[in-house]
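A.B. asks: Please see the structure below; I have some questions.
The values are calculated or read from the model by the stated rules, or taken from the named source; none is laboratory data. Everything numeric in this text was worked out from a predicted model, so none of it was measured. Cβ atoms come from the backbone with ideal geometry, glycine included; neighbour counts cover every protein chain shown. Remember, those area values only see protein heavy atoms, side chains included, never the ligands or the DNA or RNA. Shrake-Rupley method; radii C 1.70, N 1.55, O 1.52, S 1.80 Å.
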Amino acid sequence: MEKDVKTPRWNLSSIFKSFDSEDYKKALNDYISNMDKLDMLLKKAESMDFLADDFAKWLSEFIVLSNETGALEESLNAFAYATYSTDTTNSLFLNNLSKLEELSLRTSSQSLRFQQLLTRNKHVFSTLYTGYPQFELYNFVFSELLEDASHKMSSAEEQIAEDLQRTGGAAWGRLHEQVISNLVDSSTGKTFNEIRNLAYSPDRQQRKKAWQTEKTLLKSMEIPIAAALNNLKGATVTLNKRRGWNKAIDKALAASRISSKTLDALIGAIEDSLPMWHEYLQLKGKILASSEKDIKETGCAFYDLFAPLPPSAKEEKKDSCSSGIKLEGWTFSEAKEYITQRFSSFSEDMGNFAKKAFEEGWIDAEVRKGKVGGAYCIDFPAHGVSRVLSNFTGTFSDVTTLAHELGHAYHHHCIVGMDYALCHYPMTLAETASIFAETIVMNDAISKATGFDKICLTEMHLQDSCQVLVDILCRFYFEQQVFEERKTGELAAEDFCRIMACAQEKSYGNGLNSERHEYMWAVKTHYYSPDLDFYNFPYAFGLLFALGLYSNYRTQGKAFADVYKSLLKDTGRLSCEDLCRKAGFDIETKEFWALGIKSFEEELVVLKTYEKDLGV
């Protein structure tokens, strides 16, 4: 084992040295200059009636310049957000983020004008792909743009909407981030994110106190947080109506590149599996009750959802098993070595990628005040690299989170070099890559662990999957109802608490006892992004699709690595249904999703056996 290193902060200087550096200024100037050139190309096209040959020539020139500009824009914005998200109260970082958001209004205008040009010249597309085969890869992208154009307001209205977004939706989202990232418990000095991490504590009283403190802190700030959510969803309802979207979910389906039939099949399969998940949660509650005298209710308390299991009389809990798999106490160096080894076991390319990410400082894992909670991966397409943010505390869950986010980064690695316009994959497929990477690590850990460690890791996998399926279903129900009620009036904190309580009852049911968390609406960042409505179901999609892919890997072995990489390359230019057909799956049937869920039944049997050992 190599010598341990301090939990790292990432290295952004290899991308841009600072906002004042020459490399950043050049990229910014090139970005603005390219937008000037795009404006000229659009203006020229808007005054012409094209023949097929002329349109193809113009389209080629526009695509080349647009791809370069888009990659620059995303890299500049990624640098601004990555810098801001580790110090959310820094006014310089916030101002740079705002400046770039203002510049991006121009890009939005250009995208709309391009869509309008495609619509005006759509008669050309009947011969475009046969006469100009270089555009064949763009077939799906152009079709998607033409469909999206039908959901646009006039140019002037769209420009106003985009302009107001900076001081509307984006500003409300930042307010939520700033409130949450700066909440501190005055009695202990712990940040909100540190308090949330206590949900994994082996001490039940500590978990319960943290749960109570978390809800108290959220209640103390419920007015501004509720105002942010109310206004964000209100703006979405208004704009969707003007853009011809019947429901917010319709827009989310288009963004996810799936059909309503696919979503219905996915949600239906999860709903069918709820009795199994309720049984798991009740079982966990019984196991925890065996070592806690104050547990009187059946079902699991909300603050016990992530609780570690107590050892039975037959087991002596160890810090680690012989394989080095342990539940807590991981150093960052150990996590680095383990993830790199596991990725390498799947493919040399994936292993080398992980090694590069760790060695080149791609990861910011240190927990500190002012830094956003959770974890994310952000891409810099102009540079062909990514960066990963996490809050590493040394649990095995933190290790799997790192693997998850590096899975996102590997996805980007697989599409580096492709045209920028062909690299925009939906959340459904983005989550497939991350969960596949996480599955590689988790399955290895479970297979190598023994005794009590194996029981705990199996339960952890059930725990995580329960969150991805049951809690995601809860969030889906919550957001559905919020949009329904927001159509007819304003919503306050008490309304959001009521809707969340109903969603938890509908999804968790008797799996939870009466100690729940009606303020979960105030925690999840995804609710507060105007571009991420119904951000929830892509995670369930990704989990179950990834399980299908992993099953293929176990059958085909190392040869599957090339198939997988090829699949990731196509995620930006196909619908989910078409991409999944390439992998041999029909995702519009409930049976497909049920097969993925069925694998958890075997893990539940392991937990039932452990329950018998405890004699509860």
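Each row is one residue, and each column tells you yes or no for (1) more than 28 Å from Phe142 (Cβ to Cβ); (2) assigned to a loop (DSSP other than H, G, I, E, B); (3) not aromatic (Phe, Trp, Tyr).
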| position | (1), (2), (3) |
| --- | --- |
| Thr7 | yes, yes, yes |
| Trp10 | yes, yes, no |
| Lys25 | yes, no, yes |
| Met40 | no, no, yes |
| Met48 | no, yes, yes |
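A.B. asks: Could you pull out the residue among Gly361, Gly407 that is touching a Ser or Thr at 6+ places or on another chain (Cβ under 8 Å), small (Gly, Ala, Ser) and either at positive phi or modelled with pLDDT under 95 (or both)?
C.D. replies: Values: Gly407 fails: either at positive phi or modelled with pLDDT under 95 (or both).
Selected residue: Gly361, the only one of Gly361, Gly407 that is touching a Ser or Thr at 6+ places or on another chain (Cβ under 8 Å), small (Gly, Ala, Ser) and either at positive phi or modelled with pLDDT under 95 (or both).
A.B. asks: Name the one entry in Leu42, Leu65, Leu59, Leu76 that is more than 29 Å from the chain's Cα centre (by Cα) and either on the phi > 0 side of the Ramachandran plot or crowded, with 21+ Cβ neighbours inside 10 Å (or both).
C.D. replies: None of the others qualify; the one that does is Leu59.
A.B. asks: Does Ser344 satisfy the criteria of being assigned to a helix (DSSP H, G or I), in contact with a Gly (Cβ under 6 Å, 6 or more places away or on another chain) and surrounded by fewer than 23 Cβ atoms within 10 Å (Cβ to Cβ)? I'd like the intermediate steps shown before the answer.
C.D. replies: Working: assigned to a helix (DSSP H, G or I): yes; in contact with a Gly (Cβ under 6 Å, 6 or more places away or on another chain): yes; surrounded by fewer than 23 Cβ atoms within 10 Å (Cβ to Cβ): yes.
The answer is yes for Ser344.
A.B. asks: Find the helices (runs of 4 or more DSSP H) located wholly in region 499-598 whose residues include 1 or more that are farther than 30 Å from Val141 by Cα, and list them. Steps first, please.
C.D. replies: On the way: elements: 537-556, 560-569, 576-582.
The helices (runs of 4 or more DSSP H) meeting that bar are 537-556.
A.B. asks: Return the residues of region 22-38 that are open to solvent by 50 Å² or more (accessible area, probe 1.4 Å) and in contact (Cβ under 8 Å) with a residue 12 or more places away in the chain; say none if nothing qualifies.
C.D. replies: Asp30, Ile32, Lys37
A.B. asks: Could you please let me know if Asp379 is in contact (Cβ under 8 Å) with a residue 40 or more places away in the chain, crowded, with 20+ Cβ neighbours inside 10 Å, outside any helix (DSSP H, G or I) and of a type in the set (Asp, Glu)? Working first, answer last.
C.D. replies: Values: in contact (Cβ under 8 Å) with a residue 40 or more places away in the chain: yes; crowded, with 20+ Cβ neighbours inside 10 Å: yes; outside any helix (DSSP H, G or I): yes; of a type in the set (Asp, Glu): yes.
Yes: the conditions hold for Asp379.
A.B. asks: Mind checking whether some residue in region 414-421 is surrounded by fewer than 24 Cβ atoms within 10 Å (Cβ to Cβ) and within 24 Å of Glu177 (Cα to Cα)? Please lay out each step first, then the result.
C.D. replies: Pass one, region 414-421, residues surrounded by fewer than 24 Cβ atoms within 10 Å (Cβ to Cβ): 414-421.
Retained after the next criterion (residues that are within 24 Å of Glu177 (Cα to Cα)): none.
No, the conditions are met nowhere in region 414-421.
A.B. asks: While we're on this one: If you take the residues of region 310-358 that are small (Gly, Ala, Ser) and more than 30 Å from Val416 (Cβ to Cβ), which of them is modelled with the highest pLDDT? Let's see the steps before the verdict.
C.D. replies: Step one: of region 310-358, the residues small (Gly, Ala, Ser) are 312-313, 320, 322-324, 329, 333, 335, 344-345, 347, 351, 354, 357.
Adding the requirement that they be more than 30 Å from Val416 (Cβ to Cβ) leaves 312-313, 320, 322-324, 329.
Working: Ser312: 65, Ala313: 56, Ser320: 44, Ser322: 45, Ser323: 50, Gly324: 58, Gly329: 90.
Taking the candidates together, the pick is Gly329.
A.B. asks: Looking for something in a helix (DSSP H, G or I), of a type in the set (Gly, Ala, Ser) and buried (at least 23 other Cβ atoms within 10 Å of the Cβ) - is there at least one such residue anywhere in region 478-498? So that I can check it myself, show each step before the final result.
C.D. replies: Residues of region 478-498 in a helix (DSSP H, G or I): 478-486, 493-498.
Applying the additional criterion that residues be of a type in the set (Gly, Ala, Ser) yields 493.
In the following step, the residues that additionally are buried (at least 23 other Cβ atoms within 10 Å of the Cβ) were identified as none.
No, every residue in region 478-498 fails to be in a helix (DSSP H, G or I), of a type in the set (Gly, Ala, Ser) and buried (at least 23 other Cβ atoms within 10 Å of the Cβ).
A.B. asks: Just checking, which of Ala255, Ala307 is within 26 Å of Asn536 (Cα to Cα), at pLDDT below 95 and surrounded by 20 or more Cβ atoms within 10 Å (Cβ to Cβ)? Lay out the reasoning, then the answer.
C.D. replies: Details: Ala255 fails: surrounded by 20 or more Cβ atoms within 10 Å (Cβ to Cβ).
None of the others qualify; the one that does is Ala307.
A.B. asks: Which of the helices (runs of 4 or more DSSP H) found entirely inside region 101-220 contain at least 3 residues meeting this: of a type in the set (D, E, K, R) and out of contact with any Phe, Trp or Tyr (no Cβ under 6 Å at 6 or more places or on another chain)? Walk me through how you get there before you give the answer.
C.D. replies: Numbers: elements: 125-131, 139-149, 155-167, 169-181, 192-197, 204-220.
Answer list for region 101-220: 139-149, 155-167, 204-220.
A.B. asks: What pairs can you find where one residue is in region 39-62 and in contact (Cβ under 8 Å) with a residue 12 or more places away in the chain, the other is among the basic types (Lys, Arg) and open to solvent by less than 100 Å² (accessible area, probe 1.4 Å), and their Cβ atoms are less than 9 Å apart, with a gap of 6+ or different chains?
C.D. replies: Asp39/Arg106; Asp39/Arg113; Leu42/Arg113; Ala45/Arg113; Glu46/Arg113
A.B. asks: Checking Ser186 against (1) under 25 Å from Leu232 (Cα atoms); (2) surrounded by fewer than 14 Cβ atoms within 10 Å (Cβ to Cβ), only one condition comes out false. Which one?
C.D. replies: Of (1) under 25 Å from Leu232 (Cα atoms); (2) surrounded by fewer than 14 Cβ atoms within 10 Å (Cβ to Cβ), only one is false for Ser186: (1).
A.B. asks: Still on this structure, I have one more. Please enumerate the residues belonging to region 462-476 that are in contact with a helix residue (DSSP H, G or I) (Cβ under 7 Å, 6 or more places away or on another chain) and either open to solvent by less than 20 Å² (accessible area, probe 1.4 Å) or not in a helix (DSSP H, G or I) (or both).
C.D. replies: Within region 462-476, Leu462, Ser465, Cys466, Leu469, Val470, Ile472, Leu473, Cys474, Phe476 qualify.
Residues checked against (1) open to solvent by 10 Å² or more (accessible area, probe 1.4 Å); (2) within 30 Å of Leu614 (Cβ to Cβ); (3) touching a His at 6+ places or on another chain (Cβ under 7 Å); (4) outside any loop (DSSP other than H, G, I, E, B):
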site	(1), (2), (3), (4)
Leu232	no, no, no, yes
Val237	yes, no, no, yes
Ile267	yes, no, no, yes
Asp272	yes, yes, no, yes
Gln282	yes, yes, no, yes
Glu297	yes, yes, no, no
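A.B. asks: Still on this structure: Ser386 is checked against (1) crowded, with 20+ Cβ neighbours inside 10 Å; (2) farther than 19 Å from Glu194 by Cβ; (3) modelled with pLDDT under 95 and fails just one. What number does that condition carry?
C.D. replies: If we test Ser386 against (1) crowded, with 20+ Cβ neighbours inside 10 Å; (2) farther than 19 Å from Glu194 by Cβ; (3) modelled with pLDDT under 95, just (3) comes out false.
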